[in-house]
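The values are calculated or read from the model by the stated rules, or taken from the named source; none is laboratory data. Everything quoted here is computed from the prediction, not taken from an experiment. Here Cβ is always computed from backbone atoms with ideal geometry, including for glycine, and neighbour counts include all displayed protein chains.
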């Protein structure tokens, strides 16, 4: 993880925001706090933020609206906080492009672990190690750059993807023709030890299909295997 990452905590509950802030600062993070959506834009304009922890239940402008505004200006990683019973909020948040979620109440130690995991997945690699795999993978005219973490269309247009989307696409591209279960894909991309929210893979696949497939409703690249998982059909080459 980046040395002293700057975390923006968007949380209106003072006790919770103070608890999160104290714990993150005690673990070598810099922390800014916003109690409402109004303050988020100002902080992003004046500070370089590495990751946002966003409570969806905010006064006035809700967290979903704040998230949309953040995504319109950048792809800063976002971890959403939801009430334990609000499964639909988690689904919607992931569909909108959140990198992870955490249900309240939670242990600050778990939040820190998730922050570190997301930062590892989204931080650009400064240099490629010796004997590293090929930097780029190509399929049906598409290119993914493992170092820059970029996806380019056959027309040469860079397609915006979140860190979680990139990790899933890379995992599939590295194993073309193999049926990968949801649990395998979660482990390859997120490495979670605890039981994961199984629909997160389905949501990420749906988002990738909308960005890559000619017809997302009849996918030719990322195929669903009944009772199995997903299979990446195209031939993948590495220059």
Selection status of residue 206, surrounded by fewer than 13 Cβ atoms within 10 Å (Cβ to Cβ) and either in contact (Cβ under 8 Å) with a residue 40 or more places away in the chain or within 17 Å of the chain's Cα centre (by Cα) (or both): no
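Here's a check for you: in the range 151-165, which residue that is touching a strand residue (DSSP E or B) at 6+ places or on another chain (Cβ under 8 Å) and closer than 23 Å to residue 68 by Cβ is modelled with the lowest pLDDT?
Looking at residues that are touching a strand residue (DSSP E or B) at 6+ places or on another chain (Cβ under 8 Å) and closer than 23 Å to residue 68 by Cβ, I get 164.
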Do any strands (runs of 3 or more DSSP E) lying entirely in the range 21-109 carry at least 2 residues that are closer than 18 Å to residue 6 by Cβ and not assigned by TED's automatic domain parsing to the domain that holds residue 150, and which ones are they? 30-34, 51-55, 78-83
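To keep it simple, each residue is scored yes or no on (1) crowded, with 16+ Cβ neighbours inside 10 Å; (2) out of contact with any helix residue (DSSP H, G or I) (no Cβ under 8 Å at 6 or more places or on another chain).
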{"site": "22", "(1), (2)": "no, yes"}
{"site": "26", "(1), (2)": "no, yes"}
{"site": "29", "(1), (2)": "yes, no"}
{"site": "34", "(1), (2)": "yes, no"}
{"site": "38", "(1), (2)": "no, yes"}
{"site": "43", "(1), (2)": "yes, yes"}
{"site": "46", "(1), (2)": "no, yes"}
{"site": "52", "(1), (2)": "yes, no"}
{"site": "57", "(1), (2)": "no, no"}
Across the range 166-182, which residue is modelled with the lowest pLDDT among those that are in a helix (DSSP H, G or I) and in contact with a helix residue (DSSP H, G or I) (Cβ under 9 Å, 6 or more places away or on another chain)? 182
Output for the range 125-148, where each listed residue is in a loop (DSSP other than H, G, I, E, B) and modelled with pLDDT of 90 or more: 140, 141
Over the range 149-159, the set of residues over 15 Å from residue 209 (Cβ atoms) and in a loop (DSSP other than H, G, I, E, B) is 149, 154, 155, 156, 157
